[in-house]
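Just so you know, all these numbers are worked out from the coordinates, no wet-lab data involved. Nothing here was measured: the structure is a model prediction, and the numbers come from that model. Here the Cβ is made from the backbone with ideal geometry for all residues, glycine too, and neighbour counts use every protein chain on show.
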Ligand code: KIV
Ligand code: ZN
């Protein structure tokens, strides 16, 4: 392998990714995503499966008219009608690729295709040749390839190459293989199949056992020069190989793999966030590279190490993947060094007893609040205990009739009672409208998630909100036995922060 080996990134977010439950996209959404993928620098975009739906045909044709620099690929079964539908949408493409697939494993041959080995061989050759009559760039995939008898798999691949396939993809369709098996399989196929030296071998790994990225990297070690992957690892069942993880593994461990991609890695986080917004699927916080916690440090020992040298607890720079910086999250596990560092950055270089006093207040605040932000620290500096602000006294929410209604009672920062009510498109909408009217704070909701924490009788609902307000982003959390009440607490958590942020501004405006 030479030091400059280029691994082609074949993105299938818009085809295999879109097949994951709840991730379907309109043609317009796919076009937005395709533009982002082209900017990211992927080599090939699989835009859809034209024979499967009108929406897939529209999306593929729309993208083909627009993107001229990236190879655009569409999927077909080994059926003349599928190949013709694919060829039609590719007519507008500047760099078209036709992707044909057929199952090869014994289970699929017997139960899905009802074909003998000879029939699989003949069907492969006939359809690859037919695809080649439309375009020069034809990829052939052996579906369930890794559960196929190896000698038969080699025969099918040989037949596809002889019929004109230019890329041969061996999918681990069920996410069943291990890295060592994958590496060996690619090594033997590339060494043994006639004509292998003239084509690109590709891996397409699913994540059923959480090994999709490891298996794709192993395929590269075995000689694959194309990897099929998706943004955020979305895809059928447990998903596909996550592009951001594969790309960064190759970059960070470049000396080990001696191979790299042409991805502009600084666009990985923005592209991940765009997909998450388009399909409405949040990225798990601890997801490698693109999860919100991927570069966040809370424990005192780690923060101390990071303040001395970031290499102690980071193997890559957050800026290199598109995050603005590492994050020192101040919370229950943080130590004096990190609190002192943050206070210094805020203009309060405290030491000795002064630092002890603020640190003690910080620790007691952490008993009631998960994350302590800059506004909280400023308040601690002023000697104020954070915790005042609007408090929920009671609430009634009803979802009968045409519109939901909510009535709330709050105590304001001076302890006075406020009662408000509002209507909304659902109980939570009505609740948030009543809270906005009572506090005079207008929060633009960006995401709202509820989930259960704890087990059995101790289980509670936790609501997490992300909002925009006064041109800043805020996150808030509320926990309660009742998820509607948890939502109100999360909303008030943010509103109180917004009001604390506004307070110094008001004071300086008056001065
Ligand atoms: O997982 C798979 O086998 C596929 C093929 C159609 C390439 O997605
Ligand atoms: Zn797949």
Report the antiparallel proportion of the DSSP beta bridges in the chain as a percent, rounded to a multiple of 5. 45
What does the C-alpha gyration tensor say about the overall shape of the chain? Classify as rounded when a/c is under 1.5, otherwise prolate if a/b is larger than b/c, or oblate. prolate
How big is the gap, in Å, between the Cα center of region 319-389 and the Cα center of region 235-266? 36
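Taking neighbour Cβ counts within 10 Å as the exposure measure, how do 70, 142 sort from fewest upward?
Going from least to most buried by this count: 70, 142.
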Nearest-ten-degree value, helix 80-90 long axis tilted from longest Cα axis of the chain: 60
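Using the number of other C-beta atoms within 10 angstrom as an exposure proxy, rank 134, 101 with the fewest first.
Ascending number of Cβ neighbours within 10 Å: 134, 101.
Please compute the length gained on full extension between residue 425 and residue 315, using 0.36 nm multiplied by the number of residues separating them and subtracting their Cα-Cα distance.
Once the chain is fully extended between residue 425 and residue 315, it gains 35.0 nm.
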Using a basic spin-label model with each label point 7 Å from the Cα along Cα→Cβ, how many nm lie between residue 54 and residue 88? 1.2
Quick check: residue separation of residue 341 and residue 299 times 0.36 nm, minus the Cα distance between them. What number comes out in nm? 13.7 nm
Measure nothing fancy, just the Cα-based angle from helix 243-252's long axis to the longest principal axis of the chain, in degrees from 0 to 90, nearest 10. 90
Considering only region 8-279, what is the antiparallel percent among its DSSP beta bridges, to the nearest 5? 5
FRET efficiency for residue 437 and residue 32, Cβ-Cβ distance as r, R0 = 22 Å, nearest 0.05? 0.05
Where in region 349-374 does the label zone of residue 479 land, with the point 7 angstrom along Cα→C-beta and an amide N cut-off under 15 Å? 365-372
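Quick one: 213, 371, 74, 227, fewest Cβ neighbours within 10 Å first, how do they rank?
Ranked by crowding around the Cβ, least crowded first: 371, 213, 227, 74.
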Would you mind checking the tilt of helix 179-192 against the longest principal axis of the Cα atoms of the chain, expressed as 0 to 90 degrees and rounded to 10? 30
